[in-house]
Structure formats: structure tokens, C-alpha cells
2 protein chains.
Amino acid sequence: MENKFINLALASWDIQVSRLKKILETLSDEQLTGSISPGRNSGWYILGHLIAVNDAMSEILGTGKRACPELHSPFIQNPESAALDRPSVSTLRQYFTLVHERLKRELATLNEDSWLTRHEAMTDEDFVKNPGRNKFSVLLNRTNHLSYHLGQLRLLY
Amino acid sequence: MENKFINLALASWDIQVSRLKKILETLSDEQLTGSISPGRNSGWYILGHLIAVNDAMSEILGTGKRACPELHSPFIQNPESAALDRPSVSTLRQYFTLVHERLKRELATLNEDSWLTRHEAMTDEDFVKNPGRNKFSVLLNRTNHLSYHLGQLRLLY
């Protein structure tokens with residue numbers, strides 16, 4: 001049976017992803033390499049961070065495997081100042097499409113009951129204590145996380 | 001009957017509001033008056049904008065009246081560069097508490113059916129064409145809007 005609340009949350013996710021897509025279509029590689037504000041992260045780092053975080057959703061939701069585990073160290077575990085080797089903006093553009101097209105397919109496979117089960121990064125014991133930390137809360141949380149960084153990427157214009 | 005999806009979306013809203021509250025507790029009036037990046041909006045303007053947009057939710061959701069309609073012109077209708085008279089940061093801090101405490105009470109009054117009805121800023125005819133534009137989608141949209149600007153306010157630290 002269709003659950004309208006889930007469909008609306010998925011639509012909200014899609015809207016934020018399409019906003020990121022629009023930013024990638026609008027800005028050049030050079031513009032994306034610039035900082036959002038003097039001394040702050042570059043668009044490059046934020047883009048890699050968003051792809052890495054969203055790529056990991058597949059494993060947290062239990063719908064698949066991360067496609068780009070190599071993004072974890074340079075874009076999640078370490079700050080930009082660590083100056084690690086990082087995939088180029090041009091490569092990240094390809095990863096963006098790959099990761100979000102796959103996610104769209106995977107998100108559509110979860111039914112109402114699955115959305116309320118615990119996310120895969122927590123134990124059954126923790127879930128008993130925090131039943132709100134389920135897959136639906138992961139979706140809402142990641143949508144907000146994406147919006148948060150979209151507000152920063154907007155400063156590259 | 002309790003709807004877990006609604007409760008999770010309300011929890012997600014509360015989390016973003018508490019993040020804004022934390023920013024207000026952490027930053028001084030002087031810090032909030034600064035720009036998030038050279039030549040960009042000030043924290044002052046963004047704070048007023050968020051309060052004005054969230055204040056208007058009461059009318060869009062049909063749960064009450066805006067408390068601060070005077071914020072519409074300086075913080076929504078006009079850009080910061082219009083240099084209109086604006087309430088001080090100190091006054092906005094009071095409005096923040098007033099508006100969000102009222103919203104919390106009002107959001108709790110909507111039941112499952114009401115969340116799926118059209119929002120009050122659109123006509124019945126438009127709703128037939130776009131049934132996804134209901135009150136639940138307003139809640140998700142405003143939560144993302146808040147996150148978007150939180151990402152910018154974070155640059156004031």
C-alpha cells in the first residue's frame with residue numbers, strides 16, 4: 001500500500017538532489033574549486049563530502065554497497081586542510097550521477113515496514129533505547145544534511 | 001492513532017530549530033551582525049528571514065496567525081541591500097523564542113488527515129493538480145529551508 005508520508009519525504013530528497021545537480025550544471029570545475037568564503041572549505045571538498053555521505057546511505061539503509069569507499073578518508077574522515085590526494089572535480093561529477101541514480105532505485109525498494117526498522121549502523125540493543133533512529137529518520141537527516149551544504153555551495157555563485 | 005512518519009518529521013524539525021537556538025546562544029549580537037562571507041547577507045538578515053518564513057507557517061498550515069507580520073517586508077520581500085528599518089538582533093532573539101514555541105504547540109494539533117490536506121496558500125483547483133503540495137510537504141520544505149540557512153550561519157563562527 002502506498003504511504004503518502006514516505007512518498008513526500010522521497011520527493012523532498014529528490015528536490016535537494018536536483019538542486020545539487022543544477023549547481024553542478026551551472027558552475028565550472030574552476031568555480032567549484034574555489035572556497036565558499038575566505039579560509040573555508042572549497043566547493044570541491046563539499047561536493048566530495050556530500051557524495052561520500054550519500055553513497056554510504058546504501059549501507060546504512062541496507063539496500064546495497066557503497067560505490068566509492070575511497071571518498072571516506074579524504075572527504076569525511078579528514079578535513080580539507082589534511083591535503084590528501086582527492087579525486088578531481090571532473091571525476092566527482094561522474095560519481096555524483098552514479099551514486100544518486102543508484103540511490104534513487106534503492107530508495108524505491110523499501111516498503112513501509114522497512115523504513116521503520118533500525119538503520120544498519122546501530123545495534124538491536126541501541127534501537128530498543130532509540131526507536132526513532134530508524135531508516136526513515138536517516139532519510140530525513142540526510143536530506144537536511146544536503147540542504148545545509150547546498151546553502152554553502154550557493155555562495156560560490 | 002500515532003503516525004510514526006509524522007512524528008519523525010516533527011522530530012527532524014525540532015532538531016533544526018534547536019540548532020538555530022544553539023547558534024543564538026553561542027554568538028553575540030555583534031557576531032550575528034557580521035556577514036557570512038564578504039559582500040553576502042549578515043547573520044542578522046538570515047535570522048530575521050528564518051523567523052519571518054517560519055512565523056508564516058502558522059497561516060499556511062491553518063493553525064494560527066503570524067505573530068510578526070512586520071518582518072515580511074524587511075526580511076522576505078526585500079533583500080538586505082534595501083537597507084530598510086529592521087528590528088534589532090536583540091529583538092529578533094525574542095521573536096525567535098515566541099514564534100518557535102508557538103509553532104511547536106500548533107504543529108502538535110494537526111492529525112494525520114490534516115497533514116495531507118492542501119496548504120492554505122493554494123486554491124482547491126491547484127491542489128487537484130498538485131496533491132503533493134500539502135501541509136506535510138510544507139513541513140519538510142521548511143525544515144530543509146532552515147537547514148540550508150543553518151549551513152550559512154555556521155560560517156559566522
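Between beta-carbons, use under 15 Å as the cut-off and find the net charge around B:R142, counting Lys and Arg +1, Asp and Glu -1.
Residues close to B:R142 contribute a combined charge of +1.
Count the lysine pairs in the protein assembly as shown whose Cα atoms sit under 15 Å apart, keeping only pairs 8 or more residues apart in sequence or on different chains.
9
DSSP loop (so not H, G, I, E, B), at most 15 other Cβ within 10 Å: list which chymotrypsin sites (Phe, Trp or Tyr not before Pro) in region B:87-122 pass both filters.
Numbers: sites: B:Y95, B:F96, B:W115; in loops: none.
Taking region B:87-122 and a limit of 15 other Cβ atoms within 10 Å, no loop chymotrypsin sites (Phe, Trp or Tyr not before Pro) are found.
For chain A, find the longest principal axis of its Cα atoms and tell me its angle to the long axis of helix A:89-107, 0 to 90°, nearest 10.
10 degrees
For chain B, set up a GNM with springs between Cα atoms under 10 Å and report which of B:N41, B:N54, B:N78 has the largest fluctuation.
B:N78
Measure nothing fancy, just the Cα-based angle from helix A:135-153's long axis to the longest principal axis of chain A, in degrees from 0 to 90, nearest 10.
Taking the Cα atoms of chain A, the angle to A:135-153 is about 20 degrees.
Say the dipole of chain A comes from +1 at the beta carbon of Lys and Arg and -1 at that of Asp and Glu; which of A:I46, A:I60, A:N78 then lies farthest toward its positive end?
In chain A, that residue is A:I46.
Where the only charges are on Cβ atoms (+1 Lys, Arg; -1 Asp, Glu), what is the dipole of region A:1-118 about its Cα centre, to the nearest 20 debye? Walk me through the numbers on the way to the answer.
Working: 13 positive and 14 negative charges, 22 e Å.
That gives region A:1-118 a dipole magnitude of about 100 debye.
Starting from the Cα coordinates of region A:85-126, work out the convex hull volume and express it per residue in Å³. Show your work: numbers first, answer last.
Working: hull volume 3.8 nm³, N = 42.
Once divided by residue count, the hull of region A:85-126 is 91 Å³.
Within region B:29-123, report the trypsin sites (Lys or Arg not before Pro) that DSSP leaves as loop and that have at most 11 other Cβ atoms within 10 Å.
Filter output for region B:29-123: B:K65.
Using a ≥ b ≥ c from the Cα gyration tensor of the protein assembly as shown (square roots of the eigenvalues), is it rounded, prolate or oblate, where a/c under 1.5 gives rounded and otherwise the larger of a/b and b/c decides, a/b for prolate?
Note, shape of the protein assembly as shown comes out oblate.
If you average the C-alpha positions of region B:114-156 and of region B:1-70 separately, how far apart do those two centres end up, in angstrom?
14 Å
Say each of B:T97 and A:L98 gets a label point 7 Å from the Cα, pointing the same way as Cα to Cβ; how far apart are those two points in nm?
My value for the distance between the label points is 5.2 nm.
Under unit Cβ charges (Lys, Arg +1; Asp, Glu -1), what dipole magnitude, rounded to 20 debye, does region A:1-61 have relative to its Cα centre?
240 debye
Buried accessible area for the A:B pair, summed, 1.4 Å probe, in Å² rounded to 100?
Its buried surface, counting both partners, is about 2400 Å².
Would you kindly state how much longer the chain becomes between A:Q77 and A:S114 on full extension, computed as 0.36 nm times their sequence separation minus their alpha carbon distance, in nm to one decimal?
10.4 nm
With angles folded into 0 to 90 degrees, how steeply does helix B:4-26 sit against the dominant principal axis of chain B? Use alpha carbons for both and round to 10.
Between helix and principal axis, roughly 10 degrees.
Quickly estimate the mean residue ellipticity at 222 nm for chain B, helices only: each DSSP H run with n ≥ 4 gives -39500 (n - 2.57), and the total goes over all residues, rounded to 500.
The helix contribution divided over chain B gives -18500 deg cm²/dmol.
Given a 1.4 Å probe and every protein chain left where it sits, what share in percent of the accessible area of region B:5-71 is carbon and sulfur?
52 percent
The values are calculated or read from the model by the stated rules, or taken from the named source; none is laboratory data. All of these numbers come straight from a predicted model, not from anything done at the bench. Here the Cβ is made from the backbone with ideal geometry for all residues, glycine too, and neighbour counts use every protein chain on show. Accessible surface areas use protein heavy atoms only, side chains included; no ligands, DNA or RNA. Shrake-Rupley method; radii C 1.70, N 1.55, O 1.52, S 1.80 Å.
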